[in-house]
Every structure is written in C-alpha cells, then in structure tokens.
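Rule-based calculations on the coordinates, nothing more; no lab input. On a predicted model such as this, the values are computed, not experimentally measured, just so you know. Glycine gets a Cβ as well: all are built from the backbone with ideal geometry, and neighbour counts include every protein chain shown.
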Amino acid sequence: MRRPIVLVTGASGEMGHGLIHHLADAGGVEIVALDLRPLDPELARRCSAQWIGDVLDRHLLDRIRSEFEISAIFHLAALLSTRAEFVPETAHAVNVQGTLNLLALAREEARAHGRPVKFLFPSSIAVYGLPDLATKRATGRVTEREWTEPITMYGCTKLYCEHLGRYFARHYRQLAAAEPPGAVDFRAIRFPGLISAFTIPSGGTSDYAPEMIHAAAQGRPYACFVREDTRIPLLAMPDAIRALLALMDAPALSGYVSNTLAPAIVCASLACLELLSTAGERRLKLETNTRWFRQAMSEAGFAIRPGVHPIVPIMLGDARLTQRMAADLLDEGVYVIGFSYPVVGRDQARIRVQISAAHEASHLERAVAAFAKVGRAHGVAG
C-alpha cells in the first residue's frame, strides 16, 4: 500500500529548507524531498525520503508515484531570474516543462485516489513588467491582472505556469466527456524578494539585498550589481513560508493567483485586528453612532442601503448630483466623497459617509443638519 506524503521539489533551496522544517515541526504529514543535490544531513533527517533527480525526468516522477500517495505538491524547483537570462532555453525547459510534468503527476494522483491534489506554486512579482522607470513611478500599485508583460525569461515562465495551473484546475481536456473537473487544486502566490537568515540565495535578480545583509553580518565588503536608486520589496523567509502554508490550508479559492501584501500593510492590519478585539468601549460607541446616524438620515428623507456598517452609502443615483452635493456639503464643513460609475454600478451613484468612534453626538447632528439643508436645495430630501 502506498504511503500518503507531501512532495517538495527544489527541496534544498532557500524556500525548501524553511518549508521542510515548518512542515516537520507541525507534524501530521510525511515529507518526500526532490532535488538535483542531496539535502544536508539535518534537513534529510526531517524527511521520510529524499530523491536526487530532475523534475524533467518523467521516469523518476513515475517511480516516486509508484511508491507514495501524493496528497499535496510544493513545486519550488525553478531556474531563477539572473541565471535564466544566461540560459533562457534551459530556463524555459526547467520552469515550464518541469511544472507541466508535476501538474500531470498531480492529475494522475487525483484520478488514482479520487481526491483533488493541492498544487502549491510560489510565483513571483517578476510576472510584472513596465516599459521604463517613469511609467513605473507614474503607475503606482497594480492588481494581479495589470501590467503582466514580463521582460525576463523567469517572469515569462512564471506567468505561463500560472496559466498552466489554471488550465489544469479548471479546463483540462474540457472536450472529453469522461474528464472530471477539479482534479488539481492549483494555488499560486506571487512573492517579492525573499530574505533568509540561514541560506544564501543564488541566481535571483533581488539577491543583492540578502547578499548585502549576509556580507555585513560577516564583516565583509560587498559590491552591488544594481543602481543606487534600485528599490525592491522584500519579505522575510519565515513569513513567506507561513503564507504558503496558509494558502495550503485555506478553503476553496475563488482565484488561483494571489499577490503578497507589503509587510507594512500586514502589520497595520494585524494591529487593527488586535485593537478591534480589545477596544470594547470604542466598538460600542461606534455601533451607537452608526445606529443613530442611519436612523437620523432616514428620517431626514435620504435613501440609505440597509445594514449596520459604519460606512453609510447615501444613494442618489445621479453622478452629477452626487458631485454637486458633495461640494456643497464641503462648504457646510462636512467632508464626504461622491462615488459614481465606474467605481460603482451605473445609476448607483452615492455619497459615502464613514462614521467613527471619535465622532461625538454634536458632530453627527451637525452632519445630518448639513445633509438636510443641501438635500432640500437639490430636491432630494424633505
């Protein structure tokens, strides 16, 4: 009988090193490692088995599958950005064909034991590509689907493998009547540069930052290979590992690819959640303020979406009316924002009011009085 395991490819790399330790510490799963090089003895002891070989070797993958029942795959093996630019054809073979081999392996496993196989794929912000520095500065933040025009072979292969994963998860052999959907549960996350305290990276464009830190810790000089104004987001390896494990444990996802958040945003969000869990008095005041404001605005004749949320939409429908009223309210000393299409649906224009626990009763009364005055002037309130 085959033993159930988690397969980790690229196991001796930066991420593989940390991931195996985290999986082993958590317990409950057996780990099988695959890499071109033998693992160091301490890491090997934490695995049930290690295989030395190439993700391009289908016969090797078949041998692993014959011995183990694979419930999840962490596919970390890849040729990284700097090295990939020197041998782009080899990088394409390793990164794309290797991923295709592992996706096929996951599908075969799912068909064999009748359950989806989770496929965890660490992608990269290298999938993004802007034509020049001026465009990058002007663009600001981008979503998962914007500016996905990579200019490196590494970025191209990562983006293509994201699409391969989506295809295997949702569309594989879609014209075959007997092919059940969802055999591969593909999940990808786009990481920025990663810093590890224990391993030295090799082959990545962002490696200058961790190499610089390691050199400084050892008292050695270091010559950077990038411009002085170069900036790149970085994430500590333990946080990246936790993100990957959280992605594995998450319920069914609506999308297959996620971006990581900047550490500052994550820390601020955690602080807000901690504040919410302890700030009972302020939370109670916020609820009281919201309830009073919603009722007072309804009694003043305004259409408000029902609910208890402190972000209160005052529905007006007309975009021009919304902007004129917001401007008139500012003249009355009340700062609010008007939203219209395409930010919201057509004919769904509104003024958004955000209630705070810092508001006193006098503030809310003044706001309602201003709304009533401006509303009467525009014929939208009694």
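What to note about this one:
- Two-decimal Rg/Rh across region 284-378, once Rg and the Kirkwood Rh are taken from alpha-carbon atoms: 0.94
- Local electrostatic count at Val374 - Lys and Arg +1, Asp and Glu -1, tallied over other residues with Cβ under 10 Å: 0
- Take the Cα of Phe198, step 7 Å toward its Cβ, do the same at Asp40, and the gap between the two points is 0.8 nm.
- Annotation: amide H-H contacts under 5 Å for Leu235 (H modelled 1.01 Å from N, sequence separation of 5 or more, or interchain): Gly193, Leu194, Ile195.
- Rg to Rh, two decimals, where region 68-128 supplies the alpha carbon set and Rh follows Kirkwood: 1.07
- Most mobile listed residue (Tyr160, Tyr172, Tyr222) in the chain, GNM with C-alpha springs under 10 Å: Tyr222
- For region 146-244, the equivalent ellipsoid built from the Cα gyration tensor has semi-axes of 37, 16, 10 Å, listed from largest to smallest.
- Around Thr82: net Lys/Arg minus Asp/Glu count, Cβ-Cβ under 15 Å: -2
- In region 104-201, the inverse of the mean reciprocal separation of distinct Cα atoms equals 15.6 Å; this is its Kirkwood hydrodynamic radius.
- If you run the Gaussian network model on the chain, springs between alpha carbon atoms under 10 Å, then out of Ala268, Ala216, Ala357 the most flexible one is Ala357.
- Alpha-carbon centroids, region 1-80 and region 113-135: separation in whole Å: 21 Å
- FRET efficiency for the Glu281 to Leu234 pair, using the beta carbon distance and R₀ = 35 Å, is estimated at 0.35.
- Evaluated at q = 0.11, 0.16, 0.17, 0.25 Å⁻¹, the base-10 log of the normalised Debye intensity for region 221-311, with identical point scatterers placed on the Cα atoms, takes the values -0.66, -0.94, -0.97, -1.22.
- The length gained by stretching the chain between Glu360 and Ile52 to full extension, at 0.36 nm per residue less their Cα-Cα distance, is 104.1 nm.
- Across the chain, the relative contact order, built from alpha-carbon pairs under 8 Å that are at least six residues apart, equals 12 percent.
- Whichever aspartates and glutamates have a C-alpha closer than 19 Å to that of Lys136, once near sequence neighbours (fewer than 8 apart) are set aside: Glu144, Glu146, Glu149, Glu228, Asp229
- Note that region 117-125 has calculated 3J(HN,Hα) couplings of 9, 6, 10, 9, 10, x, 8, 8, 5 Hz, one per residue in order, obtained from phi through the Karplus relation 6.51 cos²θ - 1.76 cosθ + 1.60 (θ = phi - 60°); glycine and proline are x.
- Calculated mean residue ellipticity, 222 nm, the chain: -13500 deg cm²/dmol, from DSSP H runs (n ≥ 4) at -39500 (n - 2.57) each, averaged per residue and rounded to 500.
- Computed over neighbours whose Cβ is under 11 Å from that of Met248, the net charge equals +1, Lys and Arg +1, Asp and Glu -1.
- Were the residues from Glu146 through Cys224 laid out at 0.36 nm apart, the gain over their Cα-Cα distance would be 25.1 nm.
- Cβ charges +1 (Lys, Arg) and -1 (Asp, Glu), total dipole of the chain, debye: 940 debye
- A viscosity of 0.692 mPa s and a temperature of 37 °C, combined with the Kirkwood radius over Cα pairs in Stokes-Einstein, give a translational diffusion coefficient for the chain of 133 µm²/s.
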